[in-house]
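Here is the structure we will look at, set down as structure tokens.
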Number of protein chains: 2
Amino acid sequence: MAATCEDAHYPSPEAAEAAFYRAFESRDAAAMEALWLDDPGVACIHPLAAPLTGYQAVIAGWRGLFEGAGRFRVRAELLAALAQGDTVIRVVHEHLTLGNESASRPPILATNAYRKTPAGWRMVLHHASPLPADEDRVQAAAARRLH
Amino acid sequence: MAATCEDAHYPSPEAAEAAFYRAFESRDAAAMEALWLDDPGVACIHPLAAPLTGYQAVIAGWRGLFEGAGRFRVRAELLAALAQGDTVIRVVHEHLTLGNESASRPPILATNAYRKTPAGWRMVLHHASPLPADEDRVQAAAARRLH
């Protein structure tokens with residue numbers, strides 16, 4: 001695992017995103033440390049939680065989260081991607097399956113952003129939020145009511 | 001208003017963000033049309049709603065939302081900003097005050113992204129999600145439980 005972290009050099013945003021969900025699923029804080037850009041402007045927002053801004057707070061957040069977490073699997077499904085130069089933004093559904101459950105929970109919606117550096121692609125943003133299961137109904141309701 | 005839209009040419013991400021919240025508060029769909037980048041990769045996520053992806057869906061979402069909305073004011077408070085080249089990501093608290101209420105509602109958390117184009121800065125992402133009022137408690141709880 002140490003070798004993986006030290007050698008982390010993700011050649012594409014897709015590789016960085018795969019590494020993110022691998023680190024998330026395996027509750028690997030060292031891999032998160034290697035993946036995130038060490039910058040005061042990075043931000044991580046867990047569902048319904050206050051935003052964590054800056055590298056140190058983001059990493060501390062992952063460490064705290066992993067300490068209390070049981071086993072789970074996660075699969076990311078891409079909804080939209082926007083690339084420009086050295087920044088890529090990807091919107092995904094996260095499908096989590098907890099413990100020994102056979103079906104995944106209602107998806108979490110996440111916006112992830114990555115930046116190209118001389119050491120490969122690094123994560124700069126994760127904003128996750130709940131998404132009710134019945135999307136069509138919710139979408140219609142959202143279009144009728146105030147933001 | 002028409003002149004404003006036709007002449008929209010925001011010289012900075014800050015100017016584009018100010019235009020976004022001005023368009024939001026004034027329920028001005030034409031201003032939203034002018035502000036957003038016309039690209040299939042743009043995405044807009046209203047709180048607890050399914051993601052809208054692509055320019056047409058994003059604009060239709062704002063039109064629908066504005067049709068049902070009453071008067072309100074909104075103030076954006078910057079929490080984090082990350083700039084690289086032609087893309088800027090900004091995380092903000094949105095403080096909304098509805099109708100004749102004197103106090104703002106618990107803040108909404110939003111990640112906004114902007115891209116520089118030959119015609120100035122354009123919006124490419126808006127991901128808004130609820131944020132409970134007691135942030136410290138929520139932050140601590142989030143760090144203990146699974147994402």
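Could you tell me whether any residue of region B:40-47 is touching a residue at least 60 places away in the same chain (Cβ under 8 Å), surrounded by fewer than 22 Cβ atoms within 10 Å (Cβ to Cβ) and under 30 Å from A:Y55 (Cα atoms)?
Narrowing region B:40-47 to residues touching a residue at least 60 places away in the same chain (Cβ under 8 Å): B:41-47.
Next cut, surrounded by fewer than 22 Cβ atoms within 10 Å (Cβ to Cβ) only: B:41, B:47.
Next, from what is left, pick out any that are under 30 Å from A:Y55 (Cα atoms): B:41, B:47.
Among the residues of region B:40-47, at least one is touching a residue at least 60 places away in the same chain (Cβ under 8 Å), surrounded by fewer than 22 Cβ atoms within 10 Å (Cβ to Cβ) and under 30 Å from A:Y55 (Cα atoms), which makes the answer yes.
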Item to check | Failed item, numbered, when A:E25 is tested on (1) farther than 30 Å from B:G85 by Cα; (2) surrounded by 18 or more Cβ atoms within 10 Å (Cβ to Cβ) | outcome: (2)
Item to check | Close pairs (8 angstrom Cβ cut-off, 6 or more residues apart or separate chains): under 19 Å from A:H95 (Cβ atoms) in region A:54-77, part of a helix (DSSP H, G or I) and among the acidic types (D, E) anywhere | outcome: A:F72/A:E25; A:R73/A:E25; A:V74/A:E25; A:A76/A:E17
Next on the checklist: Here are the criteria: (1) touching a strand residue (DSSP E or B) at 6+ places or on another chain (Cβ under 6 Å); (2) within 11 Å of chain A (Cβ to nearest Cβ); (3) in a strand (DSSP E or B). Tell me which single one B:K116 does not satisfy.
Outcome noted: (1)
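In region B:100-113, which residues are among the small types (G, A, S) and either within 10 Å of chain A (Cβ to nearest Cβ) or within 25 Å of A:A110 (Cβ to Cβ) (or both)? Talk me through it step by step, then tell me what you get.
Start the filter on region B:100-113 by keeping residues that are among the small types (G, A, S), which leaves B:102-104, B:110, B:113.
Selection gives B:A110, B:A113.
Residues being part of a strand (DSSP E or B) and among the hydroxyl-bearing types (S, T, Y): count how many of those fall in region B:82-113.
3
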Checklist entry - Looking at (1) under 24 Å from A:L96 (Cα atoms); (2) buried (at least 19 other Cβ atoms within 10 Å of the Cβ); (3) at pLDDT below 95, can you tell me which one A:A8 breaks? => result (1)
Checklist entry - Across region B:109-136, which residue is farthest from the chain's Cα centre (by Cα) among those that are charged (D, E, K, R) and at pLDDT below 95? => result B:D136
Checklist entry - Restricted to region A:82-124, and to residues that are surrounded by 18 or more Cβ atoms within 10 Å (Cβ to Cβ) and without any contact (Cβ under 8 Å) to a residue 12 or more places away in the chain, which residue is farthest from B:V42 (Cα to Cα)? => result A:Q84
Checklist outcome for this item: For region B:10-27, pairs from a residue that is under 14 Å from B:T117 (Cβ atoms) to a residue that is among the charged types (D, E, K, R) and surrounded by 19 or more Cβ atoms within 10 Å (Cβ to Cβ), with Cβ under 8 Å and 6 or more apart or across chains, are B:Y10/B:R122; B:P13/B:R90; B:A16/B:R122
Checklist entry - A:T53 fails exactly one of the following numbered conditions: (1) among the β-branched types (V, I, T); (2) at pLDDT below 95; (3) touching a Cys at 6+ places or on another chain (Cβ under 9 Å). What is the number of that condition? => result (2)
Checklist entry - How many of the residues making up region A:17-52 are hydrophobic (A, V, I, L, M, F, W, C) and in a helix (DSSP H, G or I)? => result 11
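Restricted to region A:72-107, and to residues that are of a type in the set (A, V, I, L, M, F, W, C) and over 26 Å from A:L37 (Cα atoms), which residue is modelled with the lowest pLDDT? Spell out how you get there, then give the answer.
Going through region A:72-107, the residues of a type in the set (A, V, I, L, M, F, W, C) turn out to be A:72, A:74, A:76, A:78-83, A:88-89, A:91-92, A:96, A:98, A:103.
Subsequent filtering for residues that are over 26 Å from A:L37 (Cα atoms) retains A:98, A:103.
Numbers: A:L98: 90, A:A103: 86.
Within region A:72-107, the match that is modelled with the lowest pLDDT is A:A103.
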Item to check | Test result for A:G68, at pLDDT below 95, at the interface with another protein chain (Cβ under 7 Å from one of its Cβ atoms), closer than 26 Å to A:P11 by Cα and loosely packed, with under 15 Cβ neighbours inside 10 Å | outcome: no
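The values are calculated or read from the model by the stated rules, or taken from the named source; none is laboratory data. If you're wondering where the values come from, they're calculated on a predicted model, not measured in any experiment. Glycine also receives a Cβ, built like all others from the backbone with ideal geometry; neighbour counts cover every protein chain displayed.
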